[in-house]
1. Kindly indicate whether any position in the stretch 36-59 is open to solvent by less than 90 Å² (accessible area, probe 1.4 Å), of a type in the set (S, T, N, Q), at pLDDT 95 or above and assigned to a loop (DSSP other than H, G, I, E, B).
2. Pull up the stretch 69-78, narrow it to residues that are open to solvent by less than 90 Å² (accessible area, probe 1.4 Å) and at negative phi, then point me to the one that is modelled with the highest pLDDT.
3. Return the pairs, sorted by first residue and then second, in which the second residue is open to solvent by less than 80 Å² (accessible area, probe 1.4 Å), the first residue lies in the stretch 23-49 and is of a type in the set (D, E, K, R), the beta carbons are less than 6 Å apart, and the residues are 6+ apart or on different chains.
4. May I ask you to list the residues in the stretch 11-35 that are in a strand (DSSP E or B), more than 13 Å from TYR63 (Cα to Cα) and open to solvent by 50 Å² or more (accessible area, probe 1.4 Å)?
Amino acid sequence: MESNTAQGTHMYVLSLQNSRMSACTISGTYTPPVGVTRYDILTQLRTDAVRQYPSMEGAIVLYFDLQTNTLTGEGVTS
């Protein structure tokens, strides 16, 4: 499988759940500026999720993951 689209240096997944038990998950890639922390990215992603899904205002985080967007190990070719 090949990807011809530009991707960020990191891949994220964020799942939120509101008080009415509705949930949403957003995911994608991102290249953070120098000096940005994981907390900064989480805060920005929550803000973006609420813009996209207003019912998620005040929601709790069910899951958050941020990792480098690379694969290494057996079976990975460059």
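1. yes
2. Let us first name the residues in the stretch 69-78 that are open to solvent by less than 90 Å² (accessible area, probe 1.4 Å), namely 69, 73, 75-76.
Still in the running and at negative phi: 69, 76.
Values: ASN69: 94, VAL76: 63.
Going through the qualifying residues, I end up with ASN69.
3. ARG38/LEU66
4. Initially, the stretch 11-35 is screened for residues in a strand (DSSP E or B), giving 11-17, 23-30.
This time we only want the ones that are more than 13 Å from TYR63 (Cα to Cα), so: 11, 28-30.
Matches in the stretch 11-35: MET11, THR29, TYR30.
The values are calculated or read from the model by the stated rules, or taken from the named source; none is laboratory data. Nothing here was measured: the structure is a model prediction, and the numbers come from that model. Don't worry about glycine lacking a Cβ; one is built from the backbone with ideal geometry, like all the others, and counts go over all protein chains shown. Surface accessibility is based on the protein's heavy atoms, side chains included, excluding ligands, DNA and RNA. Shrake-Rupley method; radii C 1.70, N 1.55, O 1.52, S 1.80 Å.
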